[in-house]
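I have placed the structure first, in the form of structure tokens, so that the comments after it can refer back to it.
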Amino acid sequence: MKIETISLTTPYLNLDPIFYHEVHPTPLHNPQLVSYNTDAVQLLGLDPDQIVPEQLTNILNGTQILNGSRPYAMCYAGHQFGYFVPRLGDGRAINLGLYNGWNLQLKGSGQTLYSRQGDGRAVLRSSIREYLMSEAMHALGIPTSRALALISSDEKVARENWERGAIVLRLSPSWIRFGSFEYFFHSNKHAQLEQLADFLITESFPELVGVEDAYTKMYGEIVKRTAHMIAHWQSVGFNHGVMNTDNMSAIGITIDYGPYAFLDTFESGYICNHTDHEGRYSYDNQPRIGHWNLAQLGRALSPLISPEKSAHELEKYGNYFTTKLLELLKNKLGLDTLPDEESTLFRSLFTTMENGRTDMTPFFRTLSHYEGDRSPLLALSLAPNQLNDWLDIYDECLQINTSSVHERHAKMLACNPKYVLKNYILQEAIDLAEKDDFSLVNGLLKLAQSPYDEHPEFERYAQSTPLQHTNLKLSCSS
Ligand code: AMP
Ligand code: MG
């Protein structure tokens, strides 16, 4: 199927006008297609061979409108760094409509009613980061929005420096956020709050349509999905960086990629966001913030769910999180059964990695080949004695494993990525793209999409991060 034959619908526009603002994208000057993602093209049921690059460029740039599309920005609020902001909204994102269960959204396509002081633009640097990381997270099995294509342009956008304007076409089954509910609750629009909950159920939790206590069950499901998502983040060392409630998806997927980072050397208190002075969104605080954010959502839903019921759902968060994280870690270590002292084994592993300034990704990958020779692992640690002690415990755990060494290796290699897109790697692609060389963006897309495979041409990206690039902080500007 070709893109010009598809027809979008816009169910969100059936809600009250206060939910959205209809607005057309403002095209960028001299757009260029940087990359498109055939996996996402197929999600829309389109044939990658029939993609016409110029056409895709025009669609992203808003100069070609898809059939049925009525572009709009969505209104929402949110707690930013703990403080409530009564109205935010899509200040630089414009929704095109729904197709095949995916809501198509352009990010960086100009001002909307919700732009406040902003220019409605996104720069090439941050757009490359969002485009690649959406696909990387998906390939790591982490729930996320997706990205279909990316354009750059000659348009100058003012940030710390002048940068190029860019647009990403993102896809999500839903763009509703915790902050969407907060907007209606805190402005006392409870009829609309209910409309929004009904909309979300129809859109994303259809199994709850007509079910008794559906709002409580919907909230319970969001609690569970959010806990699972954050357990996944922790297991791979992903630091989101801006877990404001407007960046928390109501369907529990990772959205709004900003100054995120994968941990290089393991550092539990790592803060990727340069402006987050207090470490509110540090790596080790993410699980707690997930809970805090869900409590805000519970409060926003209080006209629909009794406080006892929402408290009961929220109470399950810790258990959902821990159970999922233990399951993921158990797999990462190739253990069939959890040892009795499971939390000691895991906790001491993380302390050992931290004390040894060990790069988490190569560590787990190297461990996936472990047969008793400790030297490749010890080479990754500045605390070899502690690592030896930990490996003694690990060896004991392997004794009670029922699977063969070969089976363990195969399982571990399938869940311990060889490649994650660390910031220094992304930066190399960005530096080239700024000079109109998009080859590494496209190379990294392939790497992102198959992180467990061998990619000899990118072997150096599988090594520990060079010291000068380790655990840097990123500017929030995007
Ligand atoms: P973010 O932290 O990127 O998720 O953005 C927080 C809020 O600021 C959202 O409402 C965005 O739409 C808005 N925003 C961020 N950057 C811009 C911009 N350049 N122009 C307009 N609105 C923006
Ligand atoms: Mg956002």
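The values are calculated or read from the model by the stated rules, or taken from the named source; none is laboratory data. Note that the structure is a prediction, hence the values are computed from the model and not measured. We place every Cβ from the backbone using ideal geometry, glycine too, and count neighbours over all the protein chains shown. In case anyone asks, the SASA skips ligands and DNA or RNA and just uses the protein heavy atoms, side chains included. Shrake-Rupley method; radii C 1.70, N 1.55, O 1.52, S 1.80 Å.
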Kindly check whether there is at least one residue in the stretch 227-236 that is over 20 Å from the mean Cα position of the chain (by Cα), assigned to a helix (DSSP H, G or I) and surrounded by fewer than 22 Cβ atoms within 10 Å (Cβ to Cβ).
-> no
Of all residues in the stretch 243-263, which are under 26 Å from Lys418 (Cα atoms) and within 16 Å of ligand 1 (Cβ to nearest atom)?
-> Ile253, Thr254, Ile255, Asp256, Tyr257, Gly258, Pro259, Tyr260, Ala261
Check on Thr26, within 15 Å of ligand 1 (Cβ to nearest atom), assigned to a loop (DSSP other than H, G, I, E, B) and either at pLDDT 95 or above or touching a strand residue (DSSP E or B) at 6+ places or on another chain (Cβ under 9 Å) (or both) | yes
Scan of the stretch 77-109 for residues that are on the phi > 0 side of the Ramachandran plot and more than 9 Å from ligand 1 (Cβ to nearest atom), ordered by number = Phe81, Gly82, Gly97, Asn100, Gly101
In the stretch 258-278, how many residues are of a type in the set (Ser, Thr, Tyr), closer than 25 Å to Ala77 by Cβ and open to solvent by 10 Å² or more (accessible area, probe 1.4 Å)?
-> 1
In the stretch 344-418, which helices (runs of 4 or more DSSP H) lie fully inside it and hold 3 or more residues that are in contact with a Lys or Arg (Cβ under 9 Å, 6 or more places away or on another chain)?
-> 360-367, 384-399
So which residues in the stretch 282-306 are closer than 20 Å to Ile222 by Cα and under 20 Å from the mean Cα position of the chain (by Cα)?
-> Asn285, Gln286, Pro287, Arg288, Ile289, Gly290, His291, Trp292, Asn293, Leu294, Leu297
Which one is nearest to Val85 (Cα to Cα), of the residues in the stretch 181-198 that are open to solvent by 30 Å² or more (accessible area, probe 1.4 Å) and part of a helix (DSSP H, G or I)?
-> His186
Odd one out for Glu212, checked against (1) open to solvent by 10 Å² or more (accessible area, probe 1.4 Å); (2) within 18 Å of Gly179 (Cβ to Cβ) | (2)
Could you identify the single residue in Ile151, Ile222 that is closer than 25 Å to Asp39 by Cβ, β-branched (Val, Ile, Thr) and in contact (Cβ under 8 Å) with a residue 12 or more places away in the chain?
-> Ile151
Reported set for the stretch 48-58 where residues are open to solvent by 50 Å² or more (accessible area, probe 1.4 Å) and in a loop (DSSP other than H, G, I, E, B) is Val52
Hits in the stretch 209-226 - residues which are among the aliphatic types (A, V, I, L, M) and in a helix (DSSP H, G or I) | Ala214, Met218, Ile222, Val223
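Restricting to the stretch 236-247, name every residue that is touching an Asp or Glu at 6+ places or on another chain (Cβ under 9 Å) and either within 17 Å of Asn293 (Cα to Cα) or among the hydroxyl-bearing types (Ser, Thr, Tyr) (or both). It would help to see each step written out before you state the result.
Initial filter on the stretch 236-247 (touching an Asp or Glu at 6+ places or on another chain (Cβ under 9 Å)): 237, 240-242, 244-247.
Of everything in the stretch 236-247, those that are touching an Asp or Glu at 6+ places or on another chain (Cβ under 9 Å) and either within 17 Å of Asn293 (Cα to Cα) or among the hydroxyl-bearing types (Ser, Thr, Tyr) (or both) turn out to be His240, Gly241, Val242, Asn244, Thr245, Asp246, Asn247.
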Condition broken by Tyr320, with the remaining ones in (1) hydroxyl-bearing (Ser, Thr, Tyr); (2) assigned to a helix (DSSP H, G or I); (3) open to solvent by less than 40 Å² (accessible area, probe 1.4 Å) satisfied | (3)
